[in-house]
Structures are given as structure tokens and as C-alpha cells.
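Asker: My questions will all concern the structure given below.
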Amino acid sequence: MSTIQIILLLVIAAITGIGSVLDEGQTHRPLIACTLVGLVLGDLKTGIILGGTLELMALGWMNVGLAMAPDTAIASVISTILVITADQGVGEGIAVAVALAAAGQALTIFVRTITVFLIHRADKYAKDGNFKGIEIMHITAMAFQALRVMIPTLIVALISVSAVQAFLGNIPDVITKGLQIGGGIIVVVGYAMVINMMNIPYLKPFFYIGFLLAAFTDFNLVGFGAL
């Protein structure tokens, strides 16, 4: 892996880390993060396939109240790096991504706990009318979120390919296949949550019409998008 690629991966890691708290650009979503990593590493196809697979799994991953969802940013970036550099399959990528998402969940809770201090400092600056201080607190908090993904990404990027292959090769098939099956179940749960969100009278006709068109016509996703 070249120095330019490592730098670009760190930039992507920073963007995904910040995106996981800003949400506006959805840059932390697997479909975007994995695709960007695949583009940098010269294997766009694998990035898109892995991102699409993880995106289906992550449909139901969302923060509700104080419950923190698994971290899609770390899972997407690092799993794609490992799969592409070690020339592994999507199954191994899913196994790694699930473990990384759980570890990232604990890490993001830790980082968000640190940013509580910054928020209180921003409150103090607000009382004093110090807008520059508020801006600095916001930027510092986002920097912590960026580093949360950048540091693990840098460590993985510096690991030799043989070590990565050995690590992924030692994952038992029962774990890999089990997580693939579990991922399929999570996809169903994610779709069910989306349908529940669409349980609004004026949206239901669009859902039923789309379902019927998909079942009885040859429309593809481009056609549905146009509709």
C-alpha cells in the first residue's frame, strides 16, 4: 500500500468518523464508506459489493435515546481494507465487520463521553458571548470523532498483508457462515423497521404500487428511482 493510498484512507476515515455524528451527508454508511475505500485501493467492485451487503445489515442500526448503535464507520472502512488487501471474500468481510462494529460501539461511547466536557465548555463560552470559543469546542469534538476512526485505520493500513491473510484465514467457517446467516436475519429486521416507519396512510399507496410493479414487471432500480 502506497503512502498516497494511506493518506487518502485516513482522509476517508476522518470523513466517516465525523459523518457518524453529523449524519447530514451519511458518509458513515457502509455503501458510501466501503465504495470510497475500494476506489482508493483500486478494487471498486469489491468495495461496492461489501458496502451493499453491510448496508442491508445496518438498516436497523440506529441510535435510539441513550442506546448507541454499532459503529458502521469503523466497520466499513477497516473491513474493506482487510478484504481487499488480503484478497478475501465478502463472507470474511462480514465476519470482521460485525466484530469491528461492536468494538467501535464501545469506542464511540468513550469518545462521546469525552466530548461532554467540551459541551460544558461551549456552554460557558456561550454565556460569555465567546463565539470563537464555541467554534473551537465544536471543531475539537469533531476532531475526536475523526481520530476515533483514523487511528485504527492507520494501524490496519501499516500491518503487512501476510499478517492480515493469516488473521482472516484463521477465522473458523462456522463463525463466518454463522455471521452471514445472522446478517441475513438482520436484513429482514431492518426492512421491517423501515416498513414500520412508512406506516403512514398517504405513503402506503406508494409502497403497494412499488411492490406490485416489482413483482409483475421488469422495472429495474433506475426505473423505480425515476418514478
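Read-outs throughout are calculated quantities, based only on the coordinates presented, and are distinct from any laboratory measurement. Values in this document were obtained by computation on a predicted structure and should not be read as measured data. Cβ placement follows ideal geometry from the backbone for every residue including glycine, while neighbour counts extend to all protein chains displayed.
Asker: Each label point is 7 Å from the Cα along the Cα-to-Cβ direction; what then is the distance between the points at ILE195 and MET1, in nm?
Answerer: Simple spin-label model gives 4.0 nm for this pair.
Asker: Under a cut-off of 20 Å between alpha-carbon atoms, report the lysines in cross-link reach of LYS132, not counting same-chain residues fewer than 8 places apart.
Answerer: Cα-Cα hits under 20 Å: LYS124.
Asker: While we're on this one: Using a basic spin-label model with each label point 7 Å from the Cα along Cα→Cβ, how many nm lie between ALA102 and GLU135?
Answerer: Using points 7 Å along Cα→Cβ, the separation is 4.4 nm.
Asker: Any idea what log10 I(q)/I(0) is at q = 0.20 Å⁻¹ for the range 8-162, Debye with uniform C-alpha scatterers and no solvent?
Answerer: For the range 8-162, the Cα-only Debye profile gives -1.17.
Asker: When ranked by the protection proxy of mean other Cβ atoms within 10 Å per residue, highest first, what sequence do the peptides 77-88, 103-114, 40-51 form?
Answerer: Put in order of decreasing packing, that is 77-88, 40-51, 103-114.
Asker: State, to one decimal in nm, how far the label point of PHE216 lies from the label point of ASP173, with both points 7 Å from Cα in the Cβ direction.
Answerer: So the label points at PHE216 and ASP173 sit 4.4 nm apart.
Asker: So if R0 is 22 Å, what FRET efficiency would ILE119 and LEU39 give, r being the distance between their Cβ atoms, rounded to the nearest 0.05?
Answerer: 0.05
Asker: Rank-order 91-99, 18-26 by packing density, defined as the average count of other C-beta atoms within 10 Å over each peptide's residues, highest first.
Answerer: 91-99, 18-26
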